[in-house]
Structure formats: C-alpha cells, structure tokens
Amino acid sequence: MGKAFDIGLDSLVETGAGAGLGGPHTHNRPVGQAAEGNGQTFYLETFGCQMNEHDSEKVAGVLLARGYRQVASADAASVVLYNTCSIREKAAQKVFSRLGEWRPGLQSSKVSLVTSAIQNQETQDPGRNSEPAARLARTPRPALQNGKIIGVLGCVAQQEGEKIFARAPWVSLVCGSASYRKLPELIQELERGNRRVSGLDTDTEETFETEVTRRDNPWRAYLTIIEGCDKACSYCVVPFTRGPERSRTSASILEEVQQLAGAGYTEVQLLGQTVNSYKDPSARKMRFSELLVAVAEVPGIRRVRFTTSHPRDFGKDIVEAIEAVPAICEHVHLPVQSGSTRVLKAMARTYSREEYLDKIAMMHSAKRPISITTDLIVGFPGETEKEFAQTLSLLDLVQYDGAFCFKYSPRPNTPSLTMDDAIPEEEKSRRLAVLLQKQREIQRARNERLVGETFEVLVEGRSKKVNPSMVASNAADVRAGQWSGHTSSNKVVNFTSRAEESLGDYVRVRVTGATPNSLVGEVAEIARSARNDGTPFRK
Ligand code: 5AD
Ligand code: SF4
C-alpha cells in the first residue's frame with residue numbers, strides 16, 4: 001500500500017529513541033528480546049512493498065532470537081542489512097546507491113566493530129555457498145575494511161545474485177526471499193567467519209515462518225499467508241525474485257492469529273503477492289474466503305485485511321464473506337494495470353476489461369459498501385493514445401478510492417523487455433500526470449460525499465495535521481488532541497478528540513471535511529470495548 005492509504009511509522013505513536021523500534025505494546029507483543037549473547041548489533045533498512053516490510057520483521061525476529069540487538073542507525077551496527085526491491089528500475093538503483101555509501105575509503109572513520117567470531121574466521125569450516133577459508137586468510141576482508149558485515153536481502157539480491165559481490169565487493173551476504181528459511185544458517189556461517197555467503201535458490205516449497213517476529217506496527221499485524229507468484233505478468237520481476245507460489249497451512253496461520261490476538265493485536269492483515277490465490281496445503285483445504293472468516297472469528301480480532309488480490313482468482317465468495325462478517329474490512333485492493341483488453345493481453349494479466357468490470361460490479365452491488373483501490377501502469381510498450389484513454393474511462397466506471405500509478409519500467413528477465421514500440425519517457429510522464437490528476441479528482445469527490453457520515457476508526461497515532469475547521473472555531477479544541485487512524489475501508493482520518501489517551505481504541509468519528517487522500521473529523525463516541533470478544537483492549 002502507499003501513501004494515500006497508509007500512514008508511516010513516523011506518524012504512529014512516539015516510540016522513544018529509535019522510532020519504530022518499540023511501541024506501546026512492546027511489552028505484550030511477541031518481540032524477541034536480545035539474549036545476553038555476543039553483543040552484536042544489526043541495522044535493517046527496508047525498501048519496497050508490505051511483503052518486504054513484513055519479511056524484515058521476520059528477519060529481525062530471527063536475529064533477535066540469536067542474541068543480536070537492533071539499532072536505529074547503520075553507523076552503530078556491526079551487521080547492516082538492506083531488504084531490497086527491484087520492481088521498478090528506480091527502486092533497484094536506490095539500493096546500489098545505498099551500497100555505494102559503504103565503498104571502502106568513504107568509510108575511513110568507521111573503525112572495526114567486527115566481533116571475535118569474524119576475527120577467528122580462518123579457522124572455521126567455510127560451509128556451503130562460501131569461499132574457502134584458506135583463501136580468506138590471504139585476502140583483505142571487506143567486512144573488516146568497513147568494520148561491518150553488509151548484507152543484501154530481497155528482490156535485488158535474488159535478481160543480481162552473486163554479481164553484487166563483484167559490483168560491491170564489501171558485501172558479505174546476498175539472500176533472496178525464497179531462501180530466507182536458510183537465513184539463520186547463512187548468518188551462522190558469517191558468525192563463523194566466512195567472508196561471503198549467499199542463498200539464491202527459488203526452487204523451494206517452503207515458506208519463511210519464524211518463531212519470533214519483531215513487529216514494527218503496533219496496531220496492524222502483518223501475516224504472510226502465501227509467498228511467491230505463479231502469474232507471470234509480462235512486465236514483472238516478482239516470479240523471478242520471489243519464486244513460485246507457496247501457501248502456509250490454515251492451521252499455522254490461525255495459530256499465529258491466535259498468538260497475535262493474545263498479544264493484544266485487534267487488526268491483522270493477510271499478505272501475499274496474490275493473496276487470494278491462497279491454496280491450503282493441508283487436508284483441511286480451506287478456501288481463501290473461508291480463511292478470512294476463520295481469522296475474523298479468532299477471539300480478540302476485530303479487523304481482518306488482505307492484500308494484494310489478483311482479479312483472476314477474485315470470486316463472489318470473497319464478496320459474500322465481506323458482506324457476512326463485519327470484522328472483514330470493507331476494502332479490496334484489486335490491481336487492474338490497464339483499461340485496455342489488448343494491453344492486458346500483452347501484459348499476460350489473464351482477464352479482459354469486461355471480466356475485470358464484472359468483478360467490480362460484484363463489489364458495487366454488495367450489501368456493504370466496499371472501498372476499491374488499484375495499481376495502474378502507463379506507457380506499456382505499444383500503448384496507444386486510445387488505449388490510454390480506455391484506462392481513463394475505466395477510472396470513471398470503477399470510481400476507485402485510491403490508485404498507485406506507475407510509469408512502465410522495463411525490467412531484466414521479463415518478457416516485455418524485448419517488446420517493440422517503447423513509449424518515450426516524456427510521453428509516459430505526461431500520461432502519468434493526466435492519470436494522477438483524474439484519480440485525484442475522483443478521490444476528492446468520493447471523500448467529500450462522506451462528510452457528515454460517522455465511521456469507526458482505530459486510533460493509531462497523533463496526527464501531524466491540524467483540523468482546519470477546529471482552528472477556525474475554537475482554539476481549545478485544537479489543543480484537545482489531534483489523532484489519526486484508519487476506517488474499515490482503509491481511509492486515513494485525522495480527527496480531534498478531548499479524550500486524554502485513545503491509542504488502540506476504536507472510536508466513532510464524524511467526518512467534517514475531506515481531501516483527496518484523507519478525511520478530517522471529530523470523535524462522536526469512544527467504543528466501550530475494542531475487541532470482538534468484548535474485553536477491553538487496554539489492560
Ligand atoms: N513497471 C511499472 N510498474 C510495475 N509494477 C510491477 N512491475 C512493474 C514494471 N515493470 C507495478 C504493478 C504492480 C505494482 C506492485 O507495481 O502495478 O501491481
Ligand atoms: Fe507481478 Fe503479476 Fe505476480 Fe503481481 S500477479 S506479483 S504483477 S507477476
């Protein structure tokens with residue numbers, strides 16, 4: 001999700017030193033405590049999508065369980081990890097420029113912080129995927145040159161593989177997400193002193209499940225239910241970087257949800273590149289829509305979200321689950337990519353404009369209002385002006401509550417890389433601007449229609465924005481407190497409340513104003529109980 005429908009950690013509660021490393025519920029969450037261990041520290045920076053954000057939470061959990069301590073700056077860390085994204089060229093470039101910051105010479109002030117585990121490295125068994133220890137003894141070790149172990153995780157790691165070692169020889173660890181099961185092993189090899197380790201297999205049936213997950217968002221717990229992607233859209237690197245689809249068993253998902261509820265979470269978000277392509281590998285064979293209902297029924301869970309849905313696997317049963325179960329949030333993120341059937345075919349999206357619109361019609365006629373958001377690509381090879389106009393007209397028909405719009409970016413290994421009729425960069429920029437402007441107007445109009453209505457909001461943070469209507473009417477109300485949170489439909493609401501402390505509560509907020517990206521309002525009523533089992537949220 002992007003800006004319009006999510007708020008960053010910095011706008012969540014103040015987390016004290018090292019924002020994002022703690023939270024009001026740190027005490028009762030499954031957060032790994034640094035064991036009295038080797039005293040090593042790690043810094044983990046994440047680029048890209050929510051799947052990456054959540055993978056990082058699991059990677060942090062693995063490291064914490066091994067006795068590492070997480071720190072908020074790379075300078076203070078002995079292990080620096082970048083969890084990377086390569087979905088568009090710009091994202092991948094960002095990673096290499098970050099790696100460039102560690103080029104030896106630029107880091108002369110960084111004294112060795114490498115622990116004895118690394119200094120002893122020549123005597124140890126090099127293990128799999130690693131260079132022979134004897135060679136290490138003769139070679140200046142990049143890790144020592146920098147005083148750090150630098151690691152690249154995620155999609156750039158998978159895509160570039162060991163070429164990263166050639167391009168940035170100071171990197172010691174390269175591991176793609178499909179190999180995260182091996183991460184503890186790889187880290188162990190580094191601890192033993194191996195200079196370079198890599199995990200790049202995508203040929204796996206395993207998912208990355210961890211005993212400890214260090215969750216960054218104190219209100220919304222992310223939960224991967226399916227990894228990888230089998231869809232093979234012609235522009236997309238994900239099938240290469242994340243490997244084939246692998247689903248977790250429904251039992252292990254439900255067990256994790258129970259743990260999350262026990263730890264105080266009331267909202268969970270099920271994640272997958274194509275979350276609704278979920279296939280329960282156990283004998284229970286739970287369908288995705290049944291899983292949604294089962295998760296919503298876990299005592300303590302009050303909101304269930306899921307993203308990203310693929311139109312091909314989006315059926316009426318999902319809409320019926322939303323209609324029947326109030327805890328399943330009234331929001332569906334259903335990327336369309338283009339409004340032209342010809343372009344959709346070239347993209348290998350497996351549905352036509354009409355078929356997509358049929359899915360939309362199911363939601364438009366649902367018994368609960370369902371907020372729909374999407375992803376769009378402009379300037380796909382050969383996209384004509386007329387085809388672009390079909391994307392614009394689709395926006396009119398669907399009336400999205402949010403859209404993430406991208407210029408087509410040619411990516412390595414993808415079928416569309418070699419397609420003819422590339423659209424010039426300026427033309428892509430022009431189309432993007434037209435699209436954004438149109439969607440902005442749609443969102444403005446849709447949000448303005450909500451003025452006067454009342455919604456339930458989970459209070460997630462203090463709002464940075466001041467409600468302008470309050471400034472005009474009564475300065476005391478401004479001081480009363482500015483808060484922010486999300487509706488079930490995933491809209492950001494900035495609102496005032498006189499309550500001293502309402503973080504984590506569900507409140508009813510009356511909407512008093514609207515912008516294209518958020519609502520403003522004031523509290524109408526604070527819910528007495530926050531959880532679906534009737535117990536108060538705050539202990
Ligand atoms: N160029 C532009 N956008 C892309 N996306 C995926 N691959 C590309 C690409 N090569 C977009 C799609 C997808 C979202 C996560 O990123 O819209 O849904
Ligand atoms: Fe990429 Fe298509 Fe899979 Fe989405 S469904 S991750 S766009 S290949």
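Figure note: Glu211, Glu162, Glu323, Glu426 ranked by solvent-accessible area, largest first, 1.4 Å probe, ligands and nucleic acids not counted: Glu211, Glu426, Glu162, Glu323. Under 5 Å from the amide H of Val336 lie the amide H atoms of Asp375, each residue being 5 or more positions distant or on a separate chain, with H modelled from the backbone and absent for Pro and chain starts. Amide H to amide H distances under 5 Å link Tyr222 with Gln269, where only residues 5 or more positions off or on other chains count and H is placed in the peptide plane. Restricting the calculation to alpha carbons of segment 213-322 gives Rg and Dmax of 13.9, 42 angstrom.
So how do 409-420, 229-240 stack up, highest first, on mean other-Cβ count within 10 Å? Please list the in-between numbers first.
Details: 409-420: 14.2, 229-240: 19.6.
Final packing ranking: 229-240, 409-420.
Remark on Phe406: its backbone amide H falls under 5 Å from those of Leu376, Ile377, Val378, a criterion applied only to residues 5 or more positions apart or on other chains, H modelled at 1.01 Å from N. In order along segment 431-445, phi translates into HN-Hα couplings of 4, 4, 5, 4, 5, 4, 5, 5, 5, 4, 5, 4, 5, 4, 4 Hz, rounded to whole numbers, per the Karplus curve 6.51 cos²θ - 1.76 cosθ + 1.60 with θ = phi - 60° and x for Gly and Pro. So what J values fall out for segment 397-402 if you push phi through Karplus, 6.51 cos²θ - 1.76 cosθ + 1.60 with θ = phi - 60°, rounded to Hz, Gly and Pro as x? In residue order, the calculated couplings are 6, 7, 6, 5, 8, x Hz.
Compute the signed sum of charges (Lys and Arg +1, Asp and Glu -1) over the other residues within less than 13 Å, Cβ to Cβ, of Arg411.
On the way: positive: Arg88, Lys90, Lys407; negative: Glu89, Glu160.
After counting each charged neighbour, the total is +1.
Rolling a 1.4 Å probe over the protein heavy atoms leaves Arg446 with an accessible area of roughly 60 Å².
The values are calculated or read from the model by the stated rules, or taken from the named source; none is laboratory data. Treat the numbers as computed from the prediction; the structure is a model and nothing was measured. Ideal geometry is used to build each Cβ from the backbone, glycine not excepted, and the neighbour counts take in all protein chains shown. Just so you know, the surface numbers come from the protein's heavy atoms only, side chains and all, with ligands and any DNA or RNA stripped out. Shrake-Rupley method; radii C 1.70, N 1.55, O 1.52, S 1.80 Å.
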